[in-house]
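Reviewing the structure listed below.
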Amino acid sequence: MPEPWRPRSQQSHFRRPSHVRRPGRGGNQVSSETKSSFGGGNPWDHIQPWDEAILGKDVYDSTQRAKWELAMQIAGGLPYIWRELARPISEIVYGLLELRAGDRVMLIGEGIAPAGWVDDMREIVGPDGAVDEVEIIHDGRKAVMGRLPGRNGQTGCWRWDYADSLADESYDCVAVLQATQHCDDWEETARDLLRVMKPGRRIVLAESVLKGPSFLARINSDVHLRQWFDKLFEHITVEDIPYWSGEEVREAFGDTVDSPQLMEWRGIEMFWGRKK
């Protein structure tokens, strides 16, 4: 009588093909959180002749793939997200900041002019106000790609000294847009930024995140998303990307603000509070 069919994973004669890497060996090194749940291998190890027929032999070249992956990850991404996909969040940010004519605003972020924030805020505060820009996109990219170690044990972040030389209460409000994750000590930075703000006004942080439980849950909800994610992070790995959860940011601010609030919308994570 023939042996009943069993899944191949249960057949004793099954052997993993030699060209298939075990998860975590070379290629895309992902966090233990990711590997323990789903995915974390390297789809590039499974390239087939019909893929080469369309893409050419460059598809086997790790250096070429690194450029493709980087282009997919960052080229034009932030302006597209904030000008088109997350435009409602920018409007919410302006409302939470309670911007008014004559305000002085400190704006820290990545891609702040292409995202539309500089022009929008300047239009609101008018000629008697000011929006002082702190653009960190070049520093952020260098820190992540160079695996710059921060004081918090993560890479891709550093000590923020942007308020060190500023006078107390020199700004009405502060906006940190697409920059939260690059700070290596929010307990320290929260106090530095609040020092230069006037009492009674708000500080607002907003970030489209590439890490965290909600983000990974979305990635792991669909096999297509998971394999795209594993391809894109073959070279710049999950560990290279710094991350502060909303709860960690709120804890870092502690009792320095009234009514601290968190919000999450389609991959955008926000925090805001009013300086006491």
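Observations, loosely collected:
- Near pairs, Cβ below 8 angstrom, 6+ apart or cross-chain, from the range 109-129 (open to solvent by less than 20 Å² (accessible area, probe 1.4 Å) and of a type in the set (S, T, N, Q)) to any residue that is modelled with pLDDT of 95 or more and not in a loop (DSSP other than H, G, I, E, B): none
- Residues in the range 214-250 that are free of Cβ contacts under 8 Å to residues at least 40 places away in the same chain and assigned to a helix (DSSP H, G or I): 8 in all.
- Among the residues listed as GLY212, GLY150, the single one being within 18 Å of the chain's Cα centre (by Cα), open to solvent by less than 10 Å² (accessible area, probe 1.4 Å) and either modelled with pLDDT of 95 or more or within 25 Å of ARG83 (Cα to Cα) (or both): GLY212
- Unmet criterion (only one of (1) under 17 Å from ASP184 (Cα atoms); (2) surrounded by 21 or more Cβ atoms within 10 Å (Cβ to Cβ)) for ARG141: (2)
- Only residues that are in a strand (DSSP E or B), under 16 Å from the mean Cα position of the chain (by Cα) and buried (at least 16 other Cβ atoms within 10 Å of the Cβ) were counted in the range 251-269, giving 2.
- When ILE92, ILE81, ILE124, ILE108 are screened for being modelled with pLDDT of 95 or more, assigned to a strand (DSSP E or B) and not small (Gly, Ala, Ser), only ILE108 passes.
- If you go through the range 156-186 and keep only what is among the aromatic types (Phe, Trp, Tyr) and farther than 11 Å from ASP132 by Cβ, you end up with TRP158, TRP160, TRP186.
- The condition of being within 24 Å of LEU148 (Cα to Cα) and charged (D, E, K, R) holds for GLU239.
The values are calculated or read from the model by the stated rules, or taken from the named source; none is laboratory data. Being a predicted model, the structure only gives us computed values, none of them experimental. Backbone-built Cβ (ideal geometry, glycine too); neighbour counts: all protein chains shown. SASA here: full protein model, heavy atoms, side chains in, ligands and nucleic acids out. Shrake-Rupley method; radii C 1.70, N 1.55, O 1.52, S 1.80 Å.
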